[in-house]
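Worksheet: the structure to be examined is printed underneath.
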Amino acid sequence: MLRHKGGLAGTSSGKRLSNKFGASLEFADYRPYLPGDDIRRIDWAMYGRSRRLYTRLNRSELDATVNIVLDGSASMGWGDWAKGRRSLALAFALAYISIRSYDRVTLAVGAKDVGSFLPPVHGRAALPRIIGFLEKQEFGHTGNLSSLLLSLKNLLRPNQFTVVISDFLSDWRQGLESLLFARQQLLVFHVVSPDEAEPQWRGALTLVDSETGGKKDVDLDQFTLAAYQQAAEEHRREIREFCRSRGIGFFEYNAGAEPVDFLASIAPAIFKSV
């Protein structure tokens, strides 16, 4: 299951440990025995040392909600390795792992606001619904990630786990801050196309903005390419440092890699055994 920091909110019995006391096997604390307490929870070792009765309190187990948010802007559909299609596969892999971990999953896709939303689903029977939802998604609108995340905020509850998948080619800072303010535990995937990371074109080119249609003529020589790569690295560094300074999990996903192979490579950092 996805690794979390504790204190997630949930609705019913599952595999996540909450801050509430309950019947799981993980010890949390003691309190003096009160009439009516289950005598099976009396700690007889404590009684032997103190000659007083104490009840063991364990942390309750519950199912958490994992919200997966996918940037549906036109730029996500660009490149020989379409970032959007790879991101849909990445979203499904994360949803599948969460469902198998007995968590609930929501899916949200949009460019400037939530255009498509799948309410919380759980159990293996939910997998066909998740697949059907993802198969319907398209990438073809001018995007603004902050606006998308701000519109999502009303669909979230405090202490949930939210995953953001985007190429971050629009305003993003205010949106991530709004999710932190909404008390979400965040995991961010910055999706980059191989064509963006290592452009193979050279010479006189006309660049076309995939969202606005705007055009710009450039001469892509070694100096222009070096300036582009420096700007691209600065952009990635800004997002990475913003996330790390705020305790947000951050990973860069090169869309040239298979999503499952990518998740396997970072598994120790984002998953925990159950």
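Counting the residues of the range 180-195 that are buried (at least 19 other Cβ atoms within 10 Å of the Cβ) and either modelled with pLDDT under 85 or out of contact with any helix residue (DSSP H, G or I) (no Cβ under 7 Å at 6 or more places or on another chain) (or both) gives 3. Within the range 30-50, being outside any loop (DSSP other than H, G, I, E, B), out of contact with any Lys or Arg (no Cβ under 8 Å at 6 or more places or on another chain) and of a type in the set (A, V, I, L, M, F, W, C) holds for Ile39, Trp44, Ala45. Taking the range 158-174 as the range and being over 10 Å from Thr65 (Cα atoms) and either of a type in the set (A, V, I, L, M, F, W, C) or not in a strand (DSSP E or B) (or both) as the test, the residues that pass are Pro158, Val163, Val164, Ile165, Asp167, Phe168, Leu169, Ser170, Asp171, Trp172, Arg173, Gln174.
In the condition set (1) touching a Ser or Thr at 6+ places or on another chain (Cβ under 6 Å); (2) exposed (fewer than 10 other Cβ atoms within 10 Å of the Cβ), Gly214 is compliant with all but (1). Among the residues of the range 87-102, those identified as part of a helix (DSSP H, G or I), crowded, with 20+ Cβ neighbours inside 10 Å and modelled with pLDDT under 95 are Ser98, Ile99.
To keep it simple, each residue is scored yes or no on (1) at pLDDT below 75; (2) exposed (fewer than 11 other Cβ atoms within 10 Å of the Cβ).
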site: Glu26; (1), (2): yes, yes
site: Tyr33; (1), (2): no, no
site: Gly36; (1), (2): yes, yes
site: Arg49; (1), (2): no, yes
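Restricted to the range 114-147, and to residues there that are of a type in the set (D, E, K, R) and modelled with pLDDT under 95, the residue that is surrounded by the most Cβ atoms within 10 Å (Cβ to Cβ) is Glu138. Is it fair to say Leu118 is in a strand (DSSP E or B), in the same structural domain as Leu263 (by TED's automatic domain parsing) and without any contact (Cβ under 8 Å) to a residue 40 or more places away in the chain? Here the answer is yes, as Leu118 does meet what is asked.
The residue that is farthest from Pro194 (Cα to Cα), counting only those in the range 220-242 that are of a type in the set (Lys, Arg) and surrounded by 14 or more Cβ atoms within 10 Å (Cβ to Cβ), is Arg240.
Condition check ((1) assigned by TED's automatic domain parsing to the domain that holds Ser75; (2) part of a helix (DSSP H, G or I); (3) closer than 25 Å to Trp78 by Cβ) across all residues:
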| site | (1), (2), (3) |
| --- | --- |
| Thr106 | yes, no, no |
| Val114 | yes, no, yes |
| Arg129 | yes, yes, no |
| Leu150 | yes, yes, yes |
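Find the strands (runs of 3 or more DSSP E) located wholly in the range 179-229 whose residues include 1 or more that are of a type in the set (S, T, N, Q) and under 28 Å from Leu88 (Cα atoms), and list them.
The strands (runs of 3 or more DSSP E) meeting that bar are 184-192.
Can you tell me which residue within the range 245-274, out of those that are in contact (Cβ under 8 Å) with a residue 60 or more places away in the chain and part of a helix (DSSP H, G or I), is nearest to Ser178 (Cα to Cα)? The residue in question is Ile270. Determine whether the range 168-176 contains at least one residue that is loosely packed, with under 11 Cβ neighbours inside 10 Å and under 20 Å from Gly84 (Cα atoms). Checking the range 168-176: not a single residue is loosely packed, with under 11 Cβ neighbours inside 10 Å and under 20 Å from Gly84 (Cα atoms).
Residue selection: Leu263 satisfies the criterion of being surrounded by 15 or more Cβ atoms within 10 Å (Cβ to Cβ) and in the same structural domain as Gly140 (by TED's automatic domain parsing).
The values are calculated or read from the model by the stated rules, or taken from the named source; none is laboratory data. Computed from a prediction, not measured in an experiment: that's the story for all the values here. Heads up, the Cβs are rebuilt from the backbone with ideal geometry, glycines too, and the neighbour counts pull from every protein chain shown.
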